[in-house]
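Here is the structure we will look at.
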Amino acid sequence: MADLPKDLLTEIKSLEEAFTVDTTKLKQITKHFVSELEKGLSVEGGSIPMNPTWVMDFPDGYETGTYLALDMGGTNLRVCEITLTNNKSEFDIVQSKYRMPEELKTGHSEELWEYIADCLQQFVETQRSDKAPVQGKIPLGFTFSYPATQNYIDEGILQRWTKGFDIDGVEGENVVPMLDAALAQRGVPIVVSALINDTTGTLIASAYTDPKMKIGCIFGTGCNAAYMEHCGSIPKLAHMNLPADMPMAINCEWGAFDNEHKILPRTKYDIIIDKESPRPGQQAFEKCIAGLYLGEIFRLIMVDLHDNKDVHIFEGQDIKHLRKPYTLDASFLSAIEDDPFENLQETADLFKDKLQLTCTQPELELIRRAAELIGTRAARLSACGVAAICTKKNLQPCHVGADGSVFNKYPHFKARGAQALREILDWPAKSNASEEDPVEILAAEDGSGVGAALIAALTLKRFSKGDVAGILHPENFNVAQVHFDDLGVYIITNFTIGAEAVEKAEDAALIKHRRDIFREEGAKLAVILPEGIEINGVIQLALF
Ligand code: GLC
């Protein structure tokens with residue numbers, strides 16, 4: 001960088017000043033974060049919603065059954081059928097992805113639910129076509145990754161859209177009946193039995209294969225985390241008189257941290273992003289970190305350096321492509337940071353192909369440095385959230401399950417985050433490189449698919465034991481599942497095998513055909529059926 005013209009160097013210096021978050025600042029942010037987490041749990045509330053989710057246990061790895069899950073993330077829609085097998089912590093998954101049309105994100109409510117119902121219908125008709133017709137309705141775990149108030153697990157009142165969504169008629173409403181109505185209208189035999197945030201799904205899916213996992217994070221289009229709290233530490237739930245030691249997963253919605261702009265170091269670019277967004281004043285933390293915004297922060301810097309500074313980067317060139325908001329996504333920055341060449345040839349090509357701009361060598365240096373600064377700030381600020389939860393819950397040592405495009409694909413994000421955690425939590429230097437940090441952020445299992453299935457399984461387990469706290473429609477859990485195993489035995493899972501249930505089961509058509517009936521451990525009933533009787537899929541049995 002020694003050969004850079006003086007005015008470019010000055011610009012790089014001022015970007016460094018604006019975007020660098022030193023250890024002292026990281027610690028201050030974390031401290032404030034801890035108190036904001038507390039505030040969100042209080043009756044008065046704060047800017048972080050800290051939403052109770054009615055996910056009230058970690059999995060033990062022995063959950064079983066087949067579940068349908070729908071993931072409505074920021075970019076795609078995904079429908080999955082997940083089978084939690086009889087082998088500990090193992091699962092099979094069949095899935096289809098559908099693109100979420102851009103215009104739906106700012107359209108009308110009915111169009112959204114109709115589109116989702118169509119995708120689900122297509123999935124059940126194609127992916128499940130080899131299965132016997134379904135009797136009753138298939139319960140669905142709906143991963144709806146936006147802040148939602150849940151008085152019940154099968155309810156989700158949208159607090160506000162995030163991640164650039166702005167669909168009329170949904171904020172303040174319970175989304176579950178909206179989707180159910182669209183499904184019923186098409187005669188699709190599916191009913192939403194649990195509404196799940198992607199972070200809660202990530203927490204539960206990760207804990208299924210690694211019991212050390214105590215926090216689930218998403219660093220993707222949006223940014224958020226979930227962890228397990230005790231009901232006794234959630235003053236805003238005190239009126240429900242739940243046992244103080246009962247666990248309750250909290251979807252923090254930490255993207256809203258510092259909406260009042262007290263502590264985060266905001267640059268003028270952050271201020272523009274906020275002002276131009278569909279929800280100014282919201283998601284202050286997320287707007288500094290999440291994939292949706294990283295490319296836009298970078299674009300704003302480039303435009304500023306072309307228009308307003310002495311340097312005038314891209315001098316004499318038409319920057320019309322660069323002027324288009326949100327034209328660059330986080331993968332553009334990833335590619336810049338990944339450029340392996342000393343002369344930044346790939347970056348030059350990228351600017352030529354995507355933006356029709358020719359860059360000088362000093363400009364390329366500045367571009368690279370700007371990308372590094374944005375990516376580093378995002379990783380370091382993210383670490384403050386993780387450190388805050390670990391501090392609040394005294395979680396060291398633990399593992400943190402993380403998912404999302406930024407975590408999985410953005411160069412150096414993990415290492416930069418780990419370095420920031422070390423600074424915030426004052427860990428001593430490692431004695432050898434293979435040693436684990438007291439808090440390790442690791443790649444998570446698929447939260448929106450497997451996590452959703454596990455949450456449905458855990459809720460069923462709870463329901464089977466007679467615990468219906470936080471379940472609005474218990475009748476949707478009155479579902480037994482029947483599978484054919486290798487030995488010619490139909491296994492029915494997902495309902496209590498109390499004496500009364502067996503008696504009632506014997507009255508049900510399915511069991512009348514039995515040759516033998518016997519009990520297994522846990523909530524499982526195996527029935528041997530005579531040859532020639534074909535039953536598979538999910539069957540609604542009126543057992544209770
Ligand atoms: C946004 C949403 C939140 C979600 C996160 C990651 O922050 O509000 O619910 O978990 O994005 O997808």
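Quick one: how many residues across the stretch 312-328 are of a type outside the set (F, W, Y) and buried (at least 19 other Cβ atoms within 10 Å of the Cβ)?
Summing the residues that are of a type outside the set (F, W, Y) and buried (at least 19 other Cβ atoms within 10 Å of the Cβ) in the stretch 312-328 gives 3.
Restricting the first residue to the stretch 252-269 and requiring it to be at pLDDT 95 or above, which pairs with a second residue that is of a type in the set (S, T, N, Q) and more than 16 Å from the ligand (Cβ to nearest atom) meet a Cβ separation below 9 Å and a spacing of at least six or different chains?
I263/Q28; P265/T20
Does D274 qualify as being in a helix (DSSP H, G or I) and within 16 Å of the ligand (Cβ to nearest atom)?
Judged against the criteria, D274 is a match.
Restricting to the stretch 176-205, count the residues that are part of a helix (DSSP H, G or I) and either of a type in the set (S, T, Y) or within 13 Å of the ligand (Cβ to nearest atom) (or both).
Residues in the stretch 176-205 being part of a helix (DSSP H, G or I) and either of a type in the set (S, T, Y) or within 13 Å of the ligand (Cβ to nearest atom) (or both): 6 in total.
Go over the candidates V55, V34, V21 one by one and state the one that is outside any strand (DSSP E or B), touching a strand residue (DSSP E or B) at 6+ places or on another chain (Cβ under 8 Å) and of a type in the set (A, V, I, L, M, F, W, C).
It is V55.
What number of residues within the stretch 281-325 satisfy the criterion of being within 16 Å of the ligand (Cβ to nearest atom) and in a loop (DSSP other than H, G, I, E, B)?
Residues meeting the conditions: 6.
Only residues that are in contact with a Cys (Cβ under 8 Å, 6 or more places away or on another chain) and either over 13 Å from V450 (Cβ atoms) or buried (at least 20 other Cβ atoms within 10 Å of the Cβ) (or both): list them for the stretch 71-111, please.
D71, L77, V79, S96, Y98
Being more than 22 Å from L9 (Cα to Cα) and of a type in the set (V, I, T) narrows it down to one residue among V311, V303, V386; which is it?
Only one candidate qualifies: V386.
Restricting to the stretch 136-169, give me the number of residues that are within 14 Å of the ligand (Cβ to nearest atom), within 21 Å of F463 (Cβ to Cβ) and of a type in the set (K, R).
Qualifying residue count for the region: 0.
Would you confirm, using the coordinates I've provided, whether M302 is surrounded by fewer than 20 Cβ atoms within 10 Å (Cβ to Cβ), on the phi < 0 side of the Ramachandran plot and not charged (D, E, K, R)?
Answer is no for this residue.
From the list E445, E436, exactly one residue is open to solvent by 20 Å² or more (accessible area, probe 1.4 Å), over 20 Å from A249 (Cα atoms) and in contact (Cβ under 8 Å) with a residue 12 or more places away in the chain. Which is it?
Of the residues listed, the single one that is open to solvent by 20 Å² or more (accessible area, probe 1.4 Å), over 20 Å from A249 (Cα atoms) and in contact (Cβ under 8 Å) with a residue 12 or more places away in the chain is E436.
Contact list please: Cβ distance under 6 Å, first residue in the stretch 379-397 and more than 16 Å from H32 (Cα to Cα), second residue charged (D, E, K, R) and open to solvent by 10 Å² or more (accessible area, probe 1.4 Å), pairs at least six apart or on different chains.
A379/R416; L395/K214
Need pairs with beta-carbon distance below 9 Å; first residue closer than 30 Å to L104 by Cβ and of a type in the set (K, R) and within the stretch 57-76, second within 16 Å of the ligand (Cβ to nearest atom) and part of a strand (DSSP E or B); sequence gap 6+ or separate chains.
none
For the stretch 206-241, what are the residues that are closer than 17 Å to I441 by Cα and part of a loop (DSSP other than H, G, I, E, B)?
Result: D210, P211, K212, G220.
If you take the residues of the stretch 237-265 that are of a type in the set (S, T, N, Q) and closer than 18 Å to I153 by Cα, which of them is nearest to the ligand (Cβ to nearest atom)?
N251
For the subset of the stretch 268-299 comprising residues that are open to solvent by 10 Å² or more (accessible area, probe 1.4 Å) and among the β-branched types (V, I, T), which member is nearest to Y227 (Cα to Cα)?
The extreme case among them is I271.
The values are calculated or read from the model by the stated rules, or taken from the named source; none is laboratory data. This is a predicted model, so every value here is computed, not measured. Every residue, glycine as well, gets a Cβ built from its backbone with ideal geometry; the counts of neighbours run over all protein chains shown. Heavy atoms of the whole protein, side chains included, go into the accessibility calculation; ligands, DNA and RNA do not. Shrake-Rupley method; radii C 1.70, N 1.55, O 1.52, S 1.80 Å.
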